[in-house]
Amino acid sequence: MPVLDKNGAQVWRRRTSRESLVRWFGWLIGVAVFLVCWQRISEATTWFFVWDAPRIAGDIWTRATPPRWEYITQLGRPIWDTLNIATLGTLIALCLAVPVAFLAARNTTPSALFIRPIALLIIVSTRSINSLIWALLLIAIIGPGVFAGVVAIAIRSIGFCAKLLYEAIEEIDHTQVEAISATGASRWQVMAYGIVPQILPAFAGIAVFRWDINIRESTVLGLVGAGGIGLQLSSSLNVLAWPQVSLILVVILVAVVISEWVSAKVRGAII
């Protein structure tokens with residue numbers, strides 16, 4: 001924006017004086033908020049433990065190495081349960097997320113006034129609560145175990161999958177839908193031949209991506225009693241069996257790396 005200097009010549013500036021003042025005022029507010037938050041955190045922090053943390057971490061590292069490799073024979077079933085929790089939870093979530101996504105998309109919902117808000121509420125409510133919290137609630141309702149973990153992963157994944165899927169539905173090419181509608185096809189035929197083929201790649205990518213995320217989330221559900229390898233981790237932490245803890249962490253790391261590799265290969269094949 002051109003402004004005049006003291007000699008009357010035009011000088012180009014990125015912002016006007018008012019815009020610069022507003023920008024600096026915003027930075028001032030941000031710094032003030034940060035300082036207030038830091039003061040509150042400092043008052044609630046026991047700094048002795050913070051400064052002593054490197055020594056404690058070094059002590060735990062000494063106790064945890066080398067891992068107790070012979071304990072790996074007891075981790076086969078827990079890691080298998082973890083994979084089952086993630087896989088079954090993802091499949092259940094996908095089965096429930098597909099109809100919710102079609103009800104939430106503007107171009108497929110039967111009623112934008114009544115049904116779509118309900119579908120969006122389901123998406124928001126399932127996404128806003130962490131899987132650990134769902135697991136805690138479900139353990140109180142149906143008891144501890146793998147089933148509670150599967151349901152917790154499924155509920156947590158519905159909103160994630162449905163949100164990405166309904167956005168993909170809204171972004172389809174409407175020319176293909178109009179062409180099929182012009183042949184006299186019914187509403188279900190239009191959906192089957194005009195919409196579903198366009199969103200299948202997105203659906204496959206969402207499914208694999210969510211399964212990859214659920215592998216990581218399911219490894220910690222056992223900490224609250226929802227089964228899987230997290231249950232072994234919690235038991236080892238309770239008795240301070242640090243060599244077992246380090247081995248469990250290594251197994252979790254390997255499982256996550258493998259799931260990342262599988263997910264990347266599948267997404268690459270789809271794309």
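The values are calculated or read from the model by the stated rules, or taken from the named source; none is laboratory data. Since the model is a prediction, treat every value here as computed from it, not as a measurement. Glycine gets a Cβ as well: all are built from the backbone with ideal geometry, and neighbour counts include every protein chain shown. In case anyone asks, the SASA skips ligands and DNA or RNA and just uses the protein heavy atoms, side chains included. Shrake-Rupley method; radii C 1.70, N 1.55, O 1.52, S 1.80 Å.
Which of the following residues is within 21 Å of Gly225 (Cα to Cα) and at pLDDT 85 or above: Leu83, Leu103, Leu94, Leu120? It would help to see each step written out before you state the result.
Working: Leu103 fails: within 21 Å of Gly225 (Cα to Cα); Leu94 fails: within 21 Å of Gly225 (Cα to Cα); Leu120 fails: within 21 Å of Gly225 (Cα to Cα).
Step by step, each of Leu83, Leu103, Leu94, Leu120 is checked, and only Leu83 is within 21 Å of Gly225 (Cα to Cα) and at pLDDT 85 or above.
Under the condition of being open to solvent by less than 30 Å² (accessible area, probe 1.4 Å) and outside any helix (DSSP H, G or I), which residue from the range 130-146 is nearest to Ile79 (Cα to Cα)? So that I can check it myself, show each step before the final result.
Of the range 130-146, the ones open to solvent by less than 30 Å² (accessible area, probe 1.4 Å) are 131, 135, 138, 143, 145.
Retained after the next criterion (residues that are outside any helix (DSSP H, G or I)): 143, 145.
Working: Gly143: 20, Gly145: 14 Å.
Among residues in the range 130-146 that are open to solvent by less than 30 Å² (accessible area, probe 1.4 Å) and outside any helix (DSSP H, G or I), the one nearest to Ile79 (Cα to Cα) is Gly145.
Residues Ala179, Ala162: which one is out of contact with any Asp or Glu (no Cβ under 8 Å at 6 or more places or on another chain) and in contact (Cβ under 8 Å) with a residue 40 or more places away in the chain? It would help to see each step written out before you state the result.
Working: Ala179 fails: in contact (Cβ under 8 Å) with a residue 40 or more places away in the chain.
Answer to the check: Ala162.
Considering the range 77-117 alone, what residues qualify as being open to solvent by 40 Å² or more (accessible area, probe 1.4 Å) and either touching a Pro at 6+ places or on another chain (Cβ under 9 Å) or not hydrophobic (A, V, I, L, M, F, W, C) (or both)? It would help to see each step written out before you state the result.
Step one: of the range 77-117, the residues open to solvent by 40 Å² or more (accessible area, probe 1.4 Å) are 77, 80, 83-84, 87-88, 91-92, 95-96, 98-99, 103, 106-107, 110, 112-115, 117.
Arg77, Asn84, Thr87, Pro99, Leu103, Arg106, Asn107, Pro110, Pro117, listed by residue number.
Is there a residue in the range 176-199 that is at pLDDT below 85, buried (at least 17 other Cβ atoms within 10 Å of the Cβ) and outside any helix (DSSP H, G or I)?
no
Any chance you could count how many residues in the range 247-271 are farther than 18 Å from Thr87 by Cα, open to solvent by 70 Å² or more (accessible area, probe 1.4 Å) and at pLDDT below 85?
Within the range 247-271, residues that are farther than 18 Å from Thr87 by Cα, open to solvent by 70 Å² or more (accessible area, probe 1.4 Å) and at pLDDT below 85 number 2.
Failed condition for Pro67, given (1) part of a helix (DSSP H, G or I); (2) surrounded by 11 or more Cβ atoms within 10 Å (Cβ to Cβ); (3) not hydrophobic (A, V, I, L, M, F, W, C), with all others met?
(1)
Looking at Gly227, Gly159, which one is at pLDDT below 85, open to solvent by less than 20 Å² (accessible area, probe 1.4 Å) and either part of a helix (DSSP H, G or I) or over 15 Å from Val98 (Cα atoms) (or both)? Write out each step before concluding.
Values: Gly159 fails: at pLDDT below 85.
Sole residue among the options that is at pLDDT below 85, open to solvent by less than 20 Å² (accessible area, probe 1.4 Å) and either part of a helix (DSSP H, G or I) or over 15 Å from Val98 (Cα atoms) (or both): Gly227.
For the structure I just gave you, tell me whether Asn107 is in contact with a helix residue (DSSP H, G or I) (Cβ under 8 Å, 6 or more places away or on another chain) and outside any helix (DSSP H, G or I).
On the way: in contact with a helix residue (DSSP H, G or I) (Cβ under 8 Å, 6 or more places away or on another chain): yes; outside any helix (DSSP H, G or I): yes.
It is true that Asn107 is in contact with a helix residue (DSSP H, G or I) (Cβ under 8 Å, 6 or more places away or on another chain) and outside any helix (DSSP H, G or I).
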